Amino acid sequence: VQLVESGVGLVQPVGSLRLSCKASGGISLVYVIGWYRQVPDNGGRELVATIATTDVIQYGDFVNGRFSNSRDGAKNTVNLEMNKLETGEAGVYYCHFRDWRQYWGQGTQVTVSS
């Protein structure tokens, strides 16, 4: 499975940003696709938002209704709309795909700066 991330990664504080990720190659009928971001303190990755082929969506606890995650099933694409971004949310955002395997995208740098 290949994951191709796209989207402009520069936004001003409290601005909006859209990230997209397209999966291709050996896609199964049941999967979960979404976004994680790198945690600066420990280098790990935390959940931002995921969506399953059942359209069940999960958001990270910090989202608080600011983000919207959607899926285009025909294109195997996930779109993440992020609103009211804060400077502390700058960092690398990774697309993630999971069925009985898991794959990561190359990472997209998100910069939140005036």
Checklist entry - When the label point is put 7 Å from the Cα of Ser68 along its Cα-to-beta-carbon vector, which residues of the range 75-114 have a backbone N closer than 20 Å? => result 75-86
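Averaging over every viewing direction, what projected area does the convex hull of the Cα atoms of the range 1-40 cover, in nm²? Each step should come with its number before you reach the end.
Details: hull surface 16.3 nm².
Reported value for the Cα convex hull: 4.1 nm².
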Item to check | Karplus-derived HN-Hα couplings along the range 57-62 (A = 6.51, B = -1.76, C = 1.60, θ = phi - 60°), whole Hz, x at Gly and Pro | outcome: 10, 10, 10, x, 4, 7
Next on the checklist: Show me the ranking of peptides 72-79, 39-46 by mean Cβ neighbours inside 10 Å, starting with the highest.
Outcome noted: 72-79, 39-46
Next on the checklist: What are the extents of the Cα atoms of the chain along their three principal axes, in Å, largest first?
Outcome noted: 41, 26, 24
Next on the checklist: How large is the Rg to Rh ratio of the range 67-114 when both quantities use alpha carbon positions and Rh follows Kirkwood?
Outcome noted: 1.03
Checklist outcome for this item: The answer for chymotrypsin sites (Phe, Trp or Tyr not before Pro) in the range 20-114 that fall in a DSSP coil and have at most 10 neighbouring Cβ atoms within 10 Å is Trp100
Checklist entry - Could you give me the ³J(HN,Hα) list for the range 13-21, computed from phi with Karplus coefficients 6.51, -1.76, 1.60 and θ = phi - 60°, whole Hz, x at Gly and Pro? => result x, 6, x, 10, 8, 10, 10, 10, 9
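Taking only protein heavy atoms and a 1.4 Å probe, what accessible area per residue, in Å², does the chain have with all protein chains in place? Write out the running numbers ahead of the final one.
Working: 6050 Å² over 114 residues.
Per-residue value: 53 Å².
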Next on the checklist: Between the range 57-114 and the range 1-38, how far is it from one alpha carbon centroid to the other, in angstrom?
Outcome noted: 6
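The values are calculated or read from the model by the stated rules, or taken from the named source; none is laboratory data. Small disclaimer: the values here were computed from a predicted structure and weren't measured. So basically every Cβ, Gly included, is an ideal-geometry build from the backbone, and we count neighbours across all protein chains shown. Ligands, DNA and RNA are excluded from the accessible area calculation, which covers all protein heavy atoms including side chains. Shrake-Rupley method; radii C 1.70, N 1.55, O 1.52, S 1.80 Å.
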